[in-house]
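Working notes, structure below.
The values are calculated or read from the model by the stated rules, or taken from the named source; none is laboratory data. All of these numbers come straight from a predicted model, not from anything done at the bench. Don't worry about glycine lacking a Cβ; one is built from the backbone with ideal geometry, like all the others, and counts go over all protein chains shown.
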Amino acid sequence: MKRIVVILTVVLLGFAQAQAKPNVLFIAIDDLNDWIGALGGHPQARTPNLDRLTKRATLFTRAYCQAPACNPSRASLMSGILPSTSGVYLNSQPWRAAMPDAVTLPQHFMKHGYWAGGSGKIYHGRFPDPPSWNTYWPSPTKNKPNDPQPAKRPVNGIPKAAQFDWAPLDVPDEKMGDHQVADWVIGQLGLKHDKPFFLACGIYKPHLPWYVPQKYYDLFDAEKLTLPNVPNDDLDDIPAAGVKMARPQGDHAQVLKHAQWRKAVHGYLAATAFADAQVGRVLRALDKSGQADNTIVVLWTDHGWHLGEKKHWRKFTLWEESARTPLMFVVPKGLAKALPGGTRADVRLDQPVGLIDIYPTLLELCGLAANPANEGRSLVPLLADKNAKWDRPALTTHGRNNHGLRTSRWRYIRYADGSEELYDHKADSNEWRNLAGDSKHAKLKQRLANWLPNTNAPNARQRKR
């Protein structure tokens, strides 16, 4: 009889401990730069839900992607492996083929007793990863429903630019793919799960095209919108490799030719406001679910976005606009053994960190074993003490052997041909003056270069469309 009682006690204790594991709500937004109210990237941004979340969260003001393109950025974050190690640098490279043995973040949670489910864009759309999930909606190989589009495209008149387009839609929110993704996540939050959950919500907007319901365009007076300040000589002191990335003769020239700059900014702000609304719906559902006190929330974006800065559009550069991303954590008090006091509300941390640091951070917060393949670094010490020592720059890589480093003060870029850029953010937050040619910074450049990867893996195999 005593033996039975002991066995039952052990089983019940094990069950109670399993139930005590924190849930994780993992929210990703595509192509969102620092144009949110809390980061001040644009004075007219309308992101009330993200701003409310920052009031509850610890916000990293200098968070940077490991690659300024969807596929390599997400592959790095979800695997914990740098692009320079995997060889996944481009959107055209199947990341799982390059890293067949990688244990992704949700896989690691599944291995430790979690249910992992998701919807929307978590991995790059061309390369989903069914083994990462117990359940995925709409299906393991399709990350979101299709969005409605105007009958005639492009609306902006720029030729050969069917996706580089923007226009309001006369449709309700319910017709949009992101709204349906949020619906599914909200439904999961309303269920009783028999395991702790790792629940992923991938919001696609403000990825191009910026077709969103009219009411989000109506939030802004297009004629009064502030445009980025772009000096005419901004590329004059940049090496040829950087100018090649900027491609001023491409999108920017077309936007100017067709007088679309103000309309494009309008479209991006409207699409961002729409994305913000979907995040707000999910967060309200979490609060109503009764599970908020047992759920860690992390929100991130895969990279930034240029809207004319450096005469460039889209991502695909090593400058601040492409590399900087929103990143915030909410950890309720008493939930994580590694952070018993939880995250501090409405706190900003200015140390430079990478999206690759999310993986080891969540493992530590949830009390899971570390993954030795991780090349990131847990952010828990910073979450616990904003003055904790943190001496590592954030690394961004775009193409083989092209790297950017960000410290609290400096941005250093070195291209594969050895050419360089150096910016002092204390005096030049717009990165308008390249100091790399000034001999007085030679020792600084060498110190920064010591943080560049020793390995630059060959390009992984590409897949043609």
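Starting from region 137-155, take each residue that is farther than 15 Å from GLY202 by Cβ and list its partners that are modelled with pLDDT of 95 or more and assigned to a loop (DSSP other than H, G, I, E, B), counting only C-beta distances under 7 angstrom and pairs at least six apart or across chains.
PRO148/VAL171; ARG153/ASP165; PRO154/ASP165; VAL155/ASP165
Residues in region 234-248: is at least one farther than 23 Å from ALA436 by Cα, assigned to a loop (DSSP other than H, G, I, E, B), touching a residue at least 24 places away in the same chain (Cβ under 8 Å) and among the β-branched types (Val, Ile, Thr)?
Within region 234-248, the subset farther than 23 Å from ALA436 by Cα is none.
No, region 234-248 has no match at all.
PRO231 fails exactly one of the following numbered conditions: (1) closer than 21 Å to THR325 by Cβ; (2) in a loop (DSSP other than H, G, I, E, B). What is the number of that condition?
All conditions are met except number (1).
Give the residues of region 310-334 that are part of a loop (DSSP other than H, G, I, E, B) and either crowded, with 24+ Cβ neighbours inside 10 Å or among the charged types (D, E, K, R) (or both), sorted by residue number. Explain how you work it out, then say what you get.
Here is the first cut: in region 310-334, the residues part of a loop (DSSP other than H, G, I, E, B) are 312, 315-319, 326, 331-334.
Answer for region 310-334, where residues must be part of a loop (DSSP other than H, G, I, E, B) and either crowded, with 24+ Cβ neighbours inside 10 Å or among the charged types (D, E, K, R) (or both): HIS312, LYS315, THR317, LEU318, TRP319, PRO326, VAL331, LYS333.
Restricting to region 332-370, name every residue that is among the acidic types (Asp, Glu) and touching a residue at least 60 places away in the same chain (Cβ under 8 Å).
Of the residues in region 332-370, the ones among the acidic types (Asp, Glu) are 346, 350, 357, 364.
Within region 332-370, ASP346, ASP350 qualify.
In region 212-262, what residues are buried (at least 18 other Cβ atoms within 10 Å of the Cβ) and charged (D, E, K, R)?
Listed by number, the residues that qualify are ASP234, ASP251.
Please verify whether region 385-399 includes one or more residues that are over 30 Å from LEU25 (Cα atoms) and modelled with pLDDT of 95 or more.
If we filter region 385-399 for residues that are over 30 Å from LEU25 (Cα atoms), which is where we start, we get 399.
Filter once more, so that each one left must be modelled with pLDDT of 95 or more: 399.
Looking through region 385-399, at least one residue is over 30 Å from LEU25 (Cα atoms) and modelled with pLDDT of 95 or more.
Against the definition (in contact with a helix residue (DSSP H, G or I) (Cβ under 7 Å, 6 or more places away or on another chain) and either on the phi < 0 side of the Ramachandran plot or assigned to a loop (DSSP other than H, G, I, E, B) (or both)), how does ASN156 come out, yes or no? Reasoning before the result, please.
On the way: in contact with a helix residue (DSSP H, G or I) (Cβ under 7 Å, 6 or more places away or on another chain): yes; either on the phi < 0 side of the Ramachandran plot or assigned to a loop (DSSP other than H, G, I, E, B) (or both): yes.
Taking the combined requirement at face value, the residue satisfies it.
Looking at region 174-189, is at least one residue assigned to a loop (DSSP other than H, G, I, E, B) and either over 30 Å from GLU421 (Cα atoms) or touching a helix residue (DSSP H, G or I) at 6+ places or on another chain (Cβ under 6 Å) (or both)?
The first filter runs over region 174-189 and keeps only residues assigned to a loop (DSSP other than H, G, I, E, B), leaving 176.
Adding the requirement that they be either over 30 Å from GLU421 (Cα atoms) or touching a helix residue (DSSP H, G or I) at 6+ places or on another chain (Cβ under 6 Å) (or both) leaves 176.
Yes, because at least one residue in region 174-189 is assigned to a loop (DSSP other than H, G, I, E, B) and either over 30 Å from GLU421 (Cα atoms) or touching a helix residue (DSSP H, G or I) at 6+ places or on another chain (Cβ under 6 Å) (or both).
For the condition in a loop (DSSP other than H, G, I, E, B) and under 20 Å from the mean Cα position of the chain (by Cα), what is the one hit in ASN374, ASN401?
Values: ASN401 fails: under 20 Å from the mean Cα position of the chain (by Cα).
Step by step, each of ASN374, ASN401 is checked, and only ASN374 is in a loop (DSSP other than H, G, I, E, B) and under 20 Å from the mean Cα position of the chain (by Cα).
Which of the residues that make up region 126-136 are touching a residue at least 24 places away in the same chain (Cβ under 8 Å), under 20 Å from the mean Cα position of the chain (by Cα) and either surrounded by fewer than 14 Cβ atoms within 10 Å (Cβ to Cβ) or closer than 14 Å to ALA75 by Cα (or both)?
Step one: filter region 126-136 for residues touching a residue at least 24 places away in the same chain (Cβ under 8 Å), giving 126-127, 129, 131-134.
Remaining after also requiring under 20 Å from the mean Cα position of the chain (by Cα): 126-127, 129, 132-133.
Answer for region 126-136, where residues must be touching a residue at least 24 places away in the same chain (Cβ under 8 Å), under 20 Å from the mean Cα position of the chain (by Cα) and either surrounded by fewer than 14 Cβ atoms within 10 Å (Cβ to Cβ) or closer than 14 Å to ALA75 by Cα (or both): ARG126, PHE127, ASP129, SER132.
Would you check which residues across region 137-163 are over 30 Å from LYS263 (Cβ atoms) and loosely packed, with under 12 Cβ neighbours inside 10 Å and list them?
Of the residues in region 137-163, the ones over 30 Å from LYS263 (Cβ atoms) are 137-142.
Residues satisfying the conditions are SER139, THR141.
Quick one: which of TRP115, TRP166 is within 30 Å of ARG262 (Cβ to Cβ) and at pLDDT 95 or above? Explain how you work it out, then say what you get.
Values: TRP115 fails: within 30 Å of ARG262 (Cβ to Cβ).
Being within 30 Å of ARG262 (Cβ to Cβ) and at pLDDT 95 or above holds for just one of TRP115, TRP166, which is TRP166.
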